[in-house]
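Undergrad: This is the structure I have questions about; it appears just below.
The values are calculated or read from the model by the stated rules, or taken from the named source; none is laboratory data. On a predicted model such as this, the values are computed, not experimentally measured, just so you know. No Cβ is skipped: glycine too gets one built from the backbone with ideal geometry, and neighbour counts run over all protein chains shown.
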């Protein structure tokens, strides 16, 4: 397959159009058939592999969504090349990377840089990356202006860096100057910052590069890779709702103040001190805070890391309610014959959900440990994936149901059970049972292994507001605006610890959190819980006030002590906005 150009912007939306052209009214509701989405036709069906999954028709809902650039329409590419040629004179050639331009012999470097930036904008207009339709809710003009400005900065960065080192250095000064939050008027829409803490170290000079399968987990590639993971690894599409559910906005952003290490800080201080790529606070259907840093926007799909575990648990609850899974006390091999005779095959779904199988698994996020081997066999595409990725861990250290031991492989086993029980891909099941019913405004993706199985211990990707919708769903015990999507009893069981399970209690399972069904439980009498992922990903939920806090981040360590400050901010949110 010929190499193709890749957009430096990498935003997950179709070419922008007015609300009228997109068939939207000012509130974001669809008005008619003109509001159709750009179809997602790229990829290929892997659902039939292994004789385990079956397709429910010839639609494209469970197609693999390959990294960007492999399936672009040739006609679009030719037209974009022609537009670029019109905007720049002189020789042009593709570099080895195929997505940046080498610009030798330029007489007017600055003019050429902007000319090529314009050419790239033309490419973006033609490059309708399939399956990444524009959000179902139009943004206010100030937010759109800021988003376009950030796009221009990043596009210029990639162009100038390849043009001349001196110009690149000058541009880096501009980007580093933006590294601390800039004053912005509080308004109804999201607020964007082109920089963030240690922006230069995080890749600002290079326009926050994406990295590849070898470098994606390193600084300075974290910002790019964690907001565009599905451009590095194959992923399956989870289609958004036809009509996005509305989210109102508070008239002004609350003046949050929190205490940490003996000092008092505000929200701007938090963002100056912590490498958050996104932060959102919502209660019921109202957004109080929505911020982005490092040139990320509300069109970027942020990766979940282990927050995906909680999503997997909720799908297990739905499958149980539908009778597709008979009991959480069934053994995994009941649904996945390939696990017969293995320790995980003999483990109940309940003990897998509670990370208390007793099977030995080392998860320390260091080279060569068990989670590194699991990652290599699954989303990093180094092994065959599927059942073979989990059966290599086959030594029981303690009796099941007696000790909490965090092990990502146990969620992977649950994903295999779920897909086998429902006879569909995990992505399709999520799409039909949760994603579309809650009115998700943007397509999501889920990274798959080489067998076509979703990597359920991690690697789900969604825009920030849709993560908030997931949190709000659980804040209402699985009820979405009058419709019970997840059984309330399941949500309550998943987010609490029974008296006969002392090993799962807060401050016992871990020094702080307890553990439910793939969900972290706060200590204290007030029922609060969390989805958590490495490097600072979190969704905190307070059902009593129906309050949700979402943050995505690029912390430099997988398990970073800086998350304690996030907890301090969350406590202030509950204090000031809770009920």
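Undergrad: Mind counting the residues in segment 248-284 that are surrounded by fewer than 15 Cβ atoms within 10 Å (Cβ to Cβ), in a strand (DSSP E or B) and out of contact with any helix residue (DSSP H, G or I) (no Cβ under 8 Å at 6 or more places or on another chain)?
TA: Matching residues across segment 248-284 total 4.
Undergrad: Hey, another quick one. Report yes if some residue within segment 422-432 is in a helix (DSSP H, G or I) and more than 20 Å from residue 304 (Cβ to Cβ); otherwise report no.
TA: So far as segment 422-432 goes, yes, one or more of its residues are in a helix (DSSP H, G or I) and more than 20 Å from residue 304 (Cβ to Cβ).
Undergrad: Search segment 322-335 for residues being in contact with a helix residue (DSSP H, G or I) (Cβ under 7 Å, 6 or more places away or on another chain) and part of a helix (DSSP H, G or I), and hand back the single one that is nearest to residue 426 (Cα to Cα).
TA: Residue satisfying both the conditions and the ranking: 332.
Undergrad: While we're on this one: Only one of these conditions is not met by residue 400: (1) surrounded by fewer than 24 Cβ atoms within 10 Å (Cβ to Cβ); (2) in a helix (DSSP H, G or I); (3) in contact with a helix residue (DSSP H, G or I) (Cβ under 8 Å, 6 or more places away or on another chain). Which number is it?
TA: (2)
Undergrad: Where residues in segment 229-243 are out of contact with any strand residue (DSSP E or B) (no Cβ under 8 Å at 6 or more places or on another chain) and in a loop (DSSP other than H, G, I, E, B), which of them is farthest from residue 200 (Cα to Cα)?
TA: Filtering segment 229-243 for residues that are out of contact with any strand residue (DSSP E or B) (no Cβ under 8 Å at 6 or more places or on another chain) and in a loop (DSSP other than H, G, I, E, B), the one farthest from residue 200 (Cα to Cα) comes out as 241.
Undergrad: Restricting attention to segment 403-423, does a residue exist that is at positive phi and either in contact with a strand residue (DSSP E or B) (Cβ under 9 Å, 6 or more places away or on another chain) or surrounded by 23 or more Cβ atoms within 10 Å (Cβ to Cβ) (or both)?
TA: The answer is no; no qualifying residue exists.
Undergrad: Is it true that residue 532 is surrounded by 18 or more Cβ atoms within 10 Å (Cβ to Cβ), in contact with a strand residue (DSSP E or B) (Cβ under 9 Å, 6 or more places away or on another chain), assigned to a strand (DSSP E or B) and touching a residue at least 40 places away in the same chain (Cβ under 8 Å)?
TA: yes
Undergrad: So residue 460 fits all but one of (1) under 29 Å from residue 425 (Cα atoms); (2) surrounded by fewer than 17 Cβ atoms within 10 Å (Cβ to Cβ); what number is the exception?
TA: (2)
Undergrad: Being in contact (Cβ under 8 Å) with a residue 24 or more places away in the chain and within 17 Å of residue 400 (Cβ to Cβ) is the filter here, so list the residues in segment 498-515 that pass it.
TA: 501, 503, 504, 509, 515
Undergrad: Can you find a residue that is surrounded by fewer than 16 Cβ atoms within 10 Å (Cβ to Cβ) and closer than 28 Å to residue 430 by Cα anywhere in segment 504-524?
TA: Within segment 504-524, none of the residues are surrounded by fewer than 16 Cβ atoms within 10 Å (Cβ to Cβ) and closer than 28 Å to residue 430 by Cα.
Undergrad: Moving on to the next point. Check whether at least one residue in segment 315-333 is touching a strand residue (DSSP E or B) at 6+ places or on another chain (Cβ under 7 Å), surrounded by fewer than 15 Cβ atoms within 10 Å (Cβ to Cβ) and within 22 Å of residue 519 (Cα to Cα), and report yes or no.
TA: yes
Undergrad: Do any residues in segment 539-565 that are in contact (Cβ under 8 Å) with a residue 40 or more places away in the chain and on the phi > 0 side of the Ramachandran plot have Cβ atoms under 6 Å from those of residues that are surrounded by fewer than 23 Cβ atoms within 10 Å (Cβ to Cβ) and part of a strand (DSSP E or B), where the two are at least six apart or on different chains, and which pairs are they?
TA: 546/283
Undergrad: Shifting gears a bit: Considering each residue of segment 341-386, count those that are in a loop (DSSP other than H, G, I, E, B), free of Cβ contacts under 8 Å to residues at least 60 places away in the same chain and more than 23 Å from the chain's Cα centre (by Cα), and give that number.
TA: Total satisfying the criteria: 13.
Undergrad: OK, next. Could you please let me know if residue 204 is touching a residue at least 12 places away in the same chain (Cβ under 8 Å) and farther than 13 Å from residue 459 by Cβ?
TA: In short, yes.
Undergrad: For residue 564, are the conditions met, namely being closer than 22 Å to residue 309 by Cβ and part of a helix (DSSP H, G or I)?
TA: Taking the combined requirement at face value, the residue satisfies it.
Undergrad: Among the residues that make up segment 407-418, is at least one of them within 25 Å of the chain's Cα centre (by Cα), modelled with pLDDT of 95 or more and not in a helix (DSSP H, G or I)?
TA: yes
Undergrad: Which condition number does residue 441 fail, the rest of (1) over 30 Å from residue 244 (Cα atoms); (2) touching a helix residue (DSSP H, G or I) at 6+ places or on another chain (Cβ under 8 Å); (3) in contact (Cβ under 8 Å) with a residue 60 or more places away in the chain being met?
TA: (1)
Undergrad: Here is a list: 483, 465, 507. Which entry is at pLDDT 95 or above and on the phi > 0 side of the Ramachandran plot?
TA: Within the list 483, 465, 507, the selection yields 507.
Undergrad: Further question on the same structure: Anything in segment 433-444 that is buried (at least 23 other Cβ atoms within 10 Å of the Cβ) and in a loop (DSSP other than H, G, I, E, B)? List them, or say none.
TA: 440, 441, 442, 443
Undergrad: Within segment 543-565, count every residue that is surrounded by fewer than 24 Cβ atoms within 10 Å (Cβ to Cβ) and either touching a strand residue (DSSP E or B) at 6+ places or on another chain (Cβ under 9 Å) or closer than 17 Å to residue 303 by Cα (or both).
TA: 13
Undergrad: Go through segment 471-490 and count every residue that is over 22 Å from the mean Cα position of the chain (by Cα) and in a helix (DSSP H, G or I).
TA: Looking only at that region, the number is 3.
Undergrad: Further question on the same structure: In segment 304-314, how many are under 17 Å from residue 474 (Cα atoms) and touching a helix residue (DSSP H, G or I) at 6+ places or on another chain (Cβ under 6 Å)?
TA: 3
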